[in-house]
Amino acid sequence: MIELNEISKTFDTYRVVDRVSLTIPDHARIALLGPSGSGKTTLLRLIAGLEKPDTGTITMDGRLMSSPGTMVPPSERSIGFVFQNGALWPHMTVAENIRFALGDLAFGEQQLRTRSLLERMGIFTLSARYPDQISGGEARRVALARALAPRPSTLLFDEPLTSLDRTLREDLLLLILESVRETGSRMLYVTHDEYEAERIDGTIIRFENGTICHDGF
């Protein structure tokens with residue numbers, strides 16, 4: 001379980017996240033729905049440990065992860081993060097991008113799990129290519145595979161289907177949902193698209209002006 005208690009974050013003089021409290025149960029599928037600029041991405045980054053809160057606490061399975069005086073690094077949070085732009089390493093091949101997330105495993109196990117994910121995502125033939133040699137949709141599949149590779153307890157998605165056409169969005173959304181069901185991970189999926197939020201088939205939380213305006217629990 002992830003618990004956010006009165007979390008706030010201010011950049012310059014603008015409070016982007018404003019006293020947010022939220023409980024994310026094990027195996028939950030949550031869509032965080034709201035307009036661009038509402039603070040959704042910052043909230044994800046706070047959960048992931050990419051930003052430190054100005055006030056409040058974040059605990060995961062009873063362990064304090066974030067507070068104004070505490071910052072456990074992302075690598076110790078068992079989190080997979082799929083960014084809006086994929087955020088792939090440009091100097092690494094597709095296979096190397098995925099294997100990068102498996103640094104704690106023996107090389108043979110890294111190879112086996114990377115191959116399995118490449119096949120699962122339908123991108124095995126792209127394994128030796130670099131990010132600038134694949135399409136946007138293919139890059140999102142690589143990003144998803146990389147996030148799933150270490151088998152995290154929590155998966156965070158920051159508008160992962162932005163700028164893709166409807167057919168490709170639907171295909172990837174199905175792949176995301178299938179992957180989450182198979183892993184049993186908690187999922188927090190940020191979107192401004194009502195259709196995507198409903199397709200998550202979980203809890204929808206509406207987020208505006210840095211705070212929760214409707215809690216679907």
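Condition first: in contact (Cβ under 8 Å) with a residue 12 or more places away in the chain and among the aliphatic types (A, V, I, L, M). Now tell me which residues in the stretch 48-88 satisfy that.
48, 50, 58, 60, 65, 71, 72, 79, 82, 87, 88, listed by residue number.
Hydrophobic (A, V, I, L, M, F, W, C), buried (at least 22 other Cβ atoms within 10 Å of the Cβ), modelled with pLDDT of 90 or more and not in a helix (DSSP H, G or I) - does that describe any residue in the stretch 207-215?
Yes: one or more hits.
Would you be able to tell me the number of residues in the stretch 85-119 that are among the charged types (D, E, K, R) and assigned to a loop (DSSP other than H, G, I, E, B)?
Of the residues in that region, 1 qualify.
So which residues in the stretch 174-201 are of a type in the set (Gly, Ala, Ser) and at positive phi?
184
What's the total number of residues in the stretch 12-29 that are part of a loop (DSSP other than H, G, I, E, B) and farther than 27 Å from residue 152 by Cβ?
So the answer is 2.
If you take the residues of the stretch 33-45 that are under 14 Å from the mean Cα position of the chain (by Cα) and over 15 Å from residue 58 (Cβ atoms), which of them is surrounded by the fewest Cβ atoms within 10 Å (Cβ to Cβ)?
Taking the candidates together, the pick is 41.
Could you list, in sequence order, the residues of the stretch 161-189 that are touching a residue at least 60 places away in the same chain (Cβ under 8 Å), touching a Gly at 6+ places or on another chain (Cβ under 8 Å) and of a type outside the set (Ser, Thr, Tyr)?
Across the stretch 161-189, the qualifying residue is only 187.
Does residue 122 satisfy the condition of being free of Cβ contacts under 8 Å to residues at least 24 places away in the same chain, closer than 20 Å to residue 95 by Cα and not acidic (Asp, Glu)? Steps first, answer last, please.
Details: free of Cβ contacts under 8 Å to residues at least 24 places away in the same chain: yes; closer than 20 Å to residue 95 by Cα: yes; not acidic (Asp, Glu): yes.
Yes: the conditions hold for residue 122.
Buried (at least 17 other Cβ atoms within 10 Å of the Cβ) and either within 21 Å of residue 115 (Cα to Cα) or in contact with a Pro (Cβ under 8 Å, 6 or more places away or on another chain) (or both): which single residue out of 188, 155 fits that description?
Working: 188 fails: either within 21 Å of residue 115 (Cα to Cα) or in contact with a Pro (Cβ under 8 Å, 6 or more places away or on another chain) (or both).
Answer to the selection: 155.
Restricting the first residue to the stretch 136-152 and requiring it to be more than 11 Å from residue 102 (Cα to Cα) and acidic (Asp, Glu), which pairs with a second residue that is assigned to a helix (DSSP H, G or I) and modelled with pLDDT of 90 or more meet a Cβ separation below 7 Å and a spacing of at least six or different chains?
If the second residue must be assigned to a helix (DSSP H, G or I) and modelled with pLDDT of 90 or more, the pairs left are 138/126.
Restricting to the stretch 47-76, name every residue that is crowded, with 22+ Cβ neighbours inside 10 Å, more than 12 Å from the chain's Cα centre (by Cα) and of a type outside the set (Gly, Ala, Ser).
Those that are crowded, with 22+ Cβ neighbours inside 10 Å, more than 12 Å from the chain's Cα centre (by Cα) and of a type outside the set (Gly, Ala, Ser): 53, 58, 60, 65.
The values are calculated or read from the model by the stated rules, or taken from the named source; none is laboratory data. In this text, all values refer to a predicted model and were calculated from it rather than measured experimentally. As a convention, Cβ positions derive from the backbone with ideal geometry for all residues, glycine included, and neighbour counts pool all protein chains shown.
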